[in-house]
1. Below 8 Å between Cα atoms, with a sequence gap of 6+, how large is the relative contact order for chain B in percent?
2. How many percent of Cα pairs in region B:34-110 exceed 16 Å?
3. Can you sort B:103, A:11 from fewest to most other Cβ atoms within 10 Å of each residue's own Cβ?
4. Please give the length that would be gained between residue A:34 and residue A:66 if that part of the chain were fully extended, namely 0.36 nm times their separation in residues minus their C-alpha to C-alpha distance (nm, one decimal).
5. So what is the 222 nm mean residue ellipticity for the protein assembly as shown from helices alone, if each DSSP H run of at least 4 adds -39500 (n - 2.57) and you divide by all residues, rounding to the nearest 500 deg cm²/dmol?
6. If you split all Cα-Cα distances of the protein assembly as shown into 10 Å bins from zero, what percentages do you get per bin, shortest first?
């Protein structure tokens, strides 16, 4: 059967029951957390849905890789670097990052920047 | 290059610049709108990200099909039928719907029920 991961409404932080924090490269220094909301753990073979949260002053690693990303901002605001251009992003904004496109998220705001990120399945 | 679809913050409704409303089966009677936020139009070959909004009293069609769904609720509250069970859902809740699992969303609340829905690419 399908699964439901309940959002945790008990306090201001974004978290989900039964979804732990996964390792993220340079996690401590970059102030980024990663959660796998939908993955092979749920039986999903065709895509993953993750939630990343970047604390004020933090940033994701500067990445360039084969898999593409579909991003929807859920909280806060910040910027995304796409190739050589930087764009402001905030709640509801949608970003599509192409395969092999250089990208990086920064949080220049005062509250956490949180976004969903969809990827194809890992090999 | 990648693309950004900006969320429209000018009024209470959820909408995005450059993203129109797509046909949805029984759209008028079911009070459902569908938007393709990320699709082949953006160059995305591996997944689609759509946004559905169900008005109070409305519901999505009762579906059973090969492709699976990854759902994240963005606004409002309602219920989801998964196989033979019904679950309450609200902001932030995550639902994974397996291939060939019967499913349907209802909005029994007073404000629109809006959710993101990820699918594998259409053939």
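Read the figures in this text as sums done on the coordinates, not as results from a lab. Just so we're clear, the structure is a prediction, and the values are computed from it rather than from any experiment. All Cβ positions, even for glycine, are placed from backbone atoms using ideal geometry, and neighbour counts span all protein chains on display.
1. Details: 287 pairs, mean separation 31.7, N = 123.
Across chain B, relative contact order equals 26 percent.
2. More than 16 Å apart: 53 percent of the Cα pairs in region B:34-110.
3. Values: B:103 20, A:11 7.
Ascending Cβ contact count within 10 Å gives the list A:11, B:103.
4. Numbers: separation 32, 0.36 × 32 = 11.52 nm, distance 1.96 nm.
Computed gain between residue A:34 and residue A:66 is 9.6 nm.
5. Values: 2 runs with 8 residues, N = 246.
The helix contribution divided over the protein assembly as shown gives -500 deg cm²/dmol.
6. All Cα pairs considered, the percentages come to 7, 33, 39, 18, 3, 0.
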